[in-house]
């Protein structure tokens with residue numbers, strides 16, 4: 001593994017040229033995300049305000065006209081503040097994760113498609129570990145296919161509802177198959193079984209890392 005490391009680092013440095021474009025795409029997404037969040041938030045507050053109009057003779061106030069006092073008088077306010085803080089942290093985490101996912105998707109598309117000329121790579125290899133080869137560079141390319149989908153497994157669940165996160169691995173597999181098919185049709189890459197296997201393995205590892213991080217965050221919030 002240590003002999004492959006320089007080859008992996010060199011290949012990773014080569015794809016960093018696409019990072020500025022990915023950051024631009026992320027900026028556009030962030031602006032759209034912010035506008036949608038702002039508009040929906042304003043509409044939600046207006047609907048909530050309209051639904052809380054005072055009713056009755058005393059406008060919803062206690063009969064004695066005084067606010068609740070006592071030891072527990074401030075608990076509802078503190079609970080509401082805590083709930084708002086948790087909601088803000090959740091939205092901030094979703095915003096950050098989704099922006100990172102946009103950057104990753106842009107980099108992924110550039111790496112597997114647009115960094116190659118059409119017709120420059122033609123062929124299929126459906127043998128298991130048929131691409132392992134005999135050189136350290138060959139080995140590095142196989143390992144890099146695992147790294148390629150690690151961010152997918154970690155970041156894709158951020159976009160999904162809690163009960164739908166199990167779709168991460170199947171979607172990762174289908175995305176890898178779609179990439180191999182498009183590469184085969186366009187000649188921008190070899191269609192190889194190993195790529196699908198390693199990509200799916202990377203998605204699995206990334207998803208397990210997300211599960212661990214999510215469990216740790218939930219445990220921290222509950223304490």
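The values are calculated or read from the model by the stated rules, or taken from the named source; none is laboratory data. As the structure is a prediction and not an experimental result, all values here were calculated from the model. Positions of Cβ are backbone-derived with ideal geometry, glycine not excepted, and every protein chain shown enters the neighbour counts.
Tally time: how many residues in segment 127-141 are in contact with a helix residue (DSSP H, G or I) (Cβ under 6 Å, 6 or more places away or on another chain), closer than 18 Å to residue 15 by Cα and crowded, with 18+ Cβ neighbours inside 10 Å?
1
Quick one: residue 129 ticks every box in (1) at pLDDT 90 or above; (2) on the phi < 0 side of the Ramachandran plot except a single one, so which number is it?
It fails just one condition, (2).
Looking at segment 1-22, I want the residues that are closer than 26 Å to residue 98 by Cα and have a partner that is not in a helix (DSSP H, G or I) with Cβ atoms under 7 Å, at least 6 apart or on another chain. Which pairs are those?
Final answer for the pair search is none.
Give the residue that is modelled with the highest pLDDT, with candidates limited to residues of segment 95-126 that are assigned to a loop (DSSP other than H, G, I, E, B) and either under 14 Å from residue 22 (Cβ atoms) or in contact with a helix residue (DSSP H, G or I) (Cβ under 6 Å, 6 or more places away or on another chain) (or both).
126
Could you check how many residues of segment 206-223 are in contact with a helix residue (DSSP H, G or I) (Cβ under 6 Å, 6 or more places away or on another chain) and either at pLDDT 95 or above or surrounded by fewer than 16 Cβ atoms within 10 Å (Cβ to Cβ) (or both)? Don't jump to the end; show me each part of the working.
Of the residues in segment 206-223, the ones in contact with a helix residue (DSSP H, G or I) (Cβ under 6 Å, 6 or more places away or on another chain) are 206-207, 209-210.
Filter once more, keeping what is either at pLDDT 95 or above or surrounded by fewer than 16 Cβ atoms within 10 Å (Cβ to Cβ) (or both): 206-207, 209.
Final tally of qualifying residues: 3.
If you scan segment 148-192, which residues turn out to be within 27 Å of residue 122 (Cα to Cα), in a loop (DSSP other than H, G, I, E, B) and out of contact with any helix residue (DSSP H, G or I) (no Cβ under 8 Å at 6 or more places or on another chain)?
Scanning segment 148-192 gives a single hit, 187.
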